[in-house]
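Structure first, then comments.
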Amino acid sequence: MITLDGKIALVTGSTRGIGHTIAETLARAGAKVVISSRNADDCRRVADAFSQKGYDVIGIAADVSDPDAAQNLIKDIIAQWGELHIVVNNAGITRDNLIMRMKPADWDAVMAVNLKSVFNVSQAVIRPMLKARGGRMINITSVVGQMGNAGQTNYAASKAGIIGFTKSLAREVASRNITVNAIAPGYIATEMTEDLTDDAKQRLMDQIPMGRIGETADVANLVAFLASDLAGYITGQVYNVDGGLVMQG
Ligand SMILES: NC(=O)c1ccc[n+]([C@@H]2O[C@H](COP(=O)([O-])OP(=O)(O)OC[C@H]3O[C@@H](n4cnc5c(N)ncnc54)[C@H](O)[C@@H]3O)[C@@H](O)[C@H]2O)c1
């Protein structure tokens, strides 16, 4: 049984989709959870709904692509709850296009929200985690960062970047009892994947050995395990949650 009693967790991009389910799963396991996304109303709405279910949560809005906003987010959490043990870097966007049509602004936006945010939040949280003599960082990457995808050069580069970042930071902080791992979801049913055409969805399904789309809980359950004391000797790893789409040696 996974328990996160006494732990404090931040999940970025947790007002909907995968992040929302991660936040609820961690809260159900006993953690106090910070709900966060860019929009303050969304954070309040989701935090209120979780509070009504009896979970110990607060909502704090922050655009994590902005280093100052990320610093302030961590400061606010420490000011309210004193510590922060678990960080899930989940916020992400897509701005898909073939390279010849991709606007530099779409490249920059995806790199800023998907990759720079991971640096911003990790840098802001590293001191509190060192002070707490331990911590868990879990970064949400994607199978697209491993296998590529036509029309997603920006997204694939940002997600591949997360993998290199995860392994490097894991090496930096391993001796301090801080673990850093990544999860690579495949095709998960959320508003992000709703945008795909039926054709694109079918092509994806054809490649999944388990023959079905993943649920947000499939990702969240692994996050809960990696965040728990059960995973204390695991760091620098990338775990696929993709129905067998990518099988690596
Ligand atoms: N859905 C999938 O199939 C899939 C597959 C692989 C990886 N992922 C990754 O999982 C993560 C969650 O995806 P999802 O499908 O739940 O997406 P989603 O669009 O449903 O949710 C994304 C969340 O991130 C928040 N967000 C966006 N920009 C932000 C910013 N600048 N600062 C703070 N919050 C911001 C949004 O408000 C939202 O809460 C993303 O990193 C995504 O790349 C998703």
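The values are calculated or read from the model by the stated rules, or taken from the named source; none is laboratory data. The shown structure was predicted, so the numbers you read here are calculated from the model rather than taken from an experiment. All Cβ positions, even for glycine, are placed from backbone atoms using ideal geometry, and neighbour counts span all protein chains on display.
Consider the stretch 203-246 and keep the residues that are within 12 Å of the ligand (Cβ to nearest atom) and of a type in the set (D, E, K, R). The one that is surrounded by the fewest Cβ atoms within 10 Å (Cβ to Cβ) is Glu215. The criterion of being surrounded by fewer than 20 Cβ atoms within 10 Å (Cβ to Cβ), at pLDDT 95 or above and small (Gly, Ala, Ser) does not hold for Gly249.
The residues in the stretch 172-212 that are hydroxyl-bearing (Ser, Thr, Tyr), out of contact with any Lys or Arg (no Cβ under 9 Å at 6 or more places or on another chain) and at pLDDT below 95 can be counted, and the count is 1.
Considering the stretch 72-114, the residues that are touching a Gly at 6+ places or on another chain (Cβ under 6 Å) and closer than 22 Å to Ala23 by Cβ include one that is surrounded by the most Cβ atoms within 10 Å (Cβ to Cβ), namely Asn90. Anything in the stretch 158-188 that is among the aliphatic types (A, V, I, L, M) and closer than 25 Å to Ile213 by Cα? List them, or say none. Listed by number, the residues that qualify are Ala160, Ile162, Ile163, Ala182, Ile183, Ala184, Ile188.
For (1) under 13 Å from the mean Cα position of the chain (by Cα); (2) near the ligand (Cβ under 10 Å from one of its atoms); (3) touching a residue at least 40 places away in the same chain (Cβ under 8 Å), each residue gets a yes or a no:
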site	(1), (2), (3)
Leu4	no, no, yes
Ile18	yes, yes, yes
Thr25	no, no, yes
Ala29	no, no, yes
Ala47	no, no, no
Gln52	no, no, no
Ile58	no, no, no
Ile77	no, no, yes
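Taking the criterion of being of a type in the set (A, V, I, L, M), touching a Leu at 6+ places or on another chain (Cβ under 6 Å) and under 29 Å from Thr190 (Cα atoms), would at least one residue in the stretch 103-115 satisfy it? Scanning the stretch 103-115 turns up no residue that is of a type in the set (A, V, I, L, M), touching a Leu at 6+ places or on another chain (Cβ under 6 Å) and under 29 Å from Thr190 (Cα atoms).
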